[in-house]
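Heads up: the structure comes next, in structure tokens.
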Amino acid sequence: MSVSLHTLNLLSLLWIALALLIFPLLLKVRAPYGRHLRRGWGPMISNRLGWFVMEVPSFLVILFYYIKSVNIHSLYLHIVFWLWLFHYFHRSFIFPFMTRTKGKKIPVVIVLQGVLFNLVNAFLNGSYMSMYFDGQEMTAIMFVRLAIGLVLFALGMYINIRSDYMLISLRHTATNGYKIPRGWLFEYVSCPNYFGEMLEWLGFAILAWNLPALSFFVWTVANLLPRALSNHRWYYEHFPDYPKDRKAVIPFIL
Ligand code: NDP
């Protein structure tokens, strides 16, 4: 589908506006999956299958746009595509199958909402990358953006993946429940995995430098900041000995 630059930017601004509207709602209503799963959200499917179905559209749609952009002569644009594909390859094909959630469920409505969310983000970003990304001639300012963005993206991805796998390894079997995470960045915040994810997409927005990429960063914060606050409260409610000086998601700040 061919979309004009004006339309794409307008859609991205509307998408950002929606994230800002939904943010206060997410501070009140906890998305019912993982530790916040509860009854009343309709039919459910396997948690692992749910994560795979939710995340794989983002990988496939961007892959489609990448293959469609046969005439890419810019290394910069290749990098932008690869970063997205790398993140979503891990999130779709590796992460769900590494979780120790066998037998756990996720509501179909959450999966469908995740699919829609990922389709919109991949459509906005893929369309922009394949049609309007101008990375042909590297200027000094582009080089600076690329360098800063790459550092933040790589650091964010490392923090996100390392923390996710530290959490996953707390549980020895799927029925093993939850434990207090300890060590490394968990000494500072309850959800370093979310902190890493936010850093990652901030880096991406800086290096891609366009409205669709910015909209994805804003959505990531709108999703994960409220979730981190809920998880943080949840730990205090469930573990009387939970460390008192730990923040929720941003070390020393929040
Ligand atoms: P969580 O931190 O809630 O869980 C990650 C994994 O670790 C799950 O398998 C969870 O099991 C397990 N786990 C978590 N805490 C504990 C504990 N204390 N003891 C034992 N096991 C634990 O992350 P999410 O599931 O919310 O998110 C997964 C990934 O997806 C993250 O990397 C996140 O950044 C990303 N994400 C990105 C979004 C975006 O908008 N870009 C939106 C949502 C997520 P269980 O499932 O049983 O709780």
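The values are calculated or read from the model by the stated rules, or taken from the named source; none is laboratory data. From a predicted model like this one, the values you see are computed outputs, not experimental measurements. In this analysis, Cβ positions are derived from the backbone assuming ideal geometry, glycine residues included, and neighbour counts consider all displayed protein chains. Each accessible area value is taken on the protein alone, full model and side chains, heavy atoms only, with ligands, DNA and RNA left out. Shrake-Rupley method; radii C 1.70, N 1.55, O 1.52, S 1.80 Å.
Distance between the pseudo-spin-label points of I148 and Y132 (7 Å out from Cα toward the beta carbon): 2.2 nm. Semi-axis lengths, largest first, of the ellipsoid equivalent to the range 70-121 are 30, 15, 6 Å, with √(5λ) applied to each eigenvalue of the Cα gyration tensor.
Taking packing as the residue-averaged number of other Cβ atoms within 10 angstrom, the listed peptides 121-133, 151-163 run from highest to lowest as 121-133, 151-163. Computed extension length for K68-R162: 30.5 nm, one decimal, from 0.36 nm per residue of separation with the Cα-Cα distance subtracted. Rg/Rh for the range 30-74 (Cα atoms only, Rh after Kirkwood) is 1.26. Place a point 7 Å from Cα of F86 in the direction of its Cβ. Which residues in the range 203-242 have their backbone N less than 16 Å from it? Counting only backbone N, you get 203-208.
Rounded to two decimals, the Cα-based Rg/Rh of the range 141-189, with Kirkwood Rh, is 1.22. Remark: the chain is approximated by an ellipsoid whose semi-axes, taken from the C-alpha gyration tensor as √(5λ), come to 32, 20, 17 Å, largest first. Kindly flag which residue pairs out of K102/K179; K28/K244; K179/K244 have an alpha-carbon separation exceeding 19 Å in this structure. Pairs exceeding the cut-off: K28/K244.
Simple rule: put +1 on each Lys or Arg Cβ and -1 on each Asp or Glu Cβ in the chain, find the dipole, and look at F153, L13, P226; the Cα lying farthest toward the positive end is P226. Between the beta carbons of S169 and H36, assuming R0 = 22 Å, the FRET efficiency works out to 0.55 to the nearest 0.05. Membrane-span-like helices in the chain, defined purely by DSSP H runs whose alpha carbon atoms cover 27 Å or more axially and whose average Kyte-Doolittle hydropathy reaches -1.0, are 5-28, 47-68, 108-131, 140-168, 211-238.
Using a probe radius of 1.4 Å on heavy atoms only, what accessible surface per residue do you get for the range 7-143? Whole Å² is fine.
Details: 7410 Å² over 137 residues.
Per-residue accessible area for the range 7-143 comes out at 54 Å².
Normalised by 2.2 N^0.38 Å, where N is the number of residues, the C-alpha radius of gyration of the range 165-209 stands at 1.51. Based on the reciprocal of the average 1/r between different C-alpha atoms, the Kirkwood radius for the range 1-134 equals 16.5 Å. Computed extension gain for S46 through H78, at 0.36 nm per residue and net of the alpha carbon distance, reaches 8.0 nm. Per-atom-type breakdown for the chain gives carbon and sulfur 71% of the accessible area (1.4 Å probe, protein chains only).
Rounded to the nearest 20 debye, the dipole magnitude of the chain is 1180 debye, with +1 charges on Lys and Arg beta carbons, -1 on Asp and Glu beta carbons, and the Cα centre as origin.
As a rough guide to protection, the peptides 22-28, 221-227, 210-216, 144-150 ranked by mean Cβ packing within 10 Å, highest first, stand as 210-216, 221-227, 144-150, 22-28.
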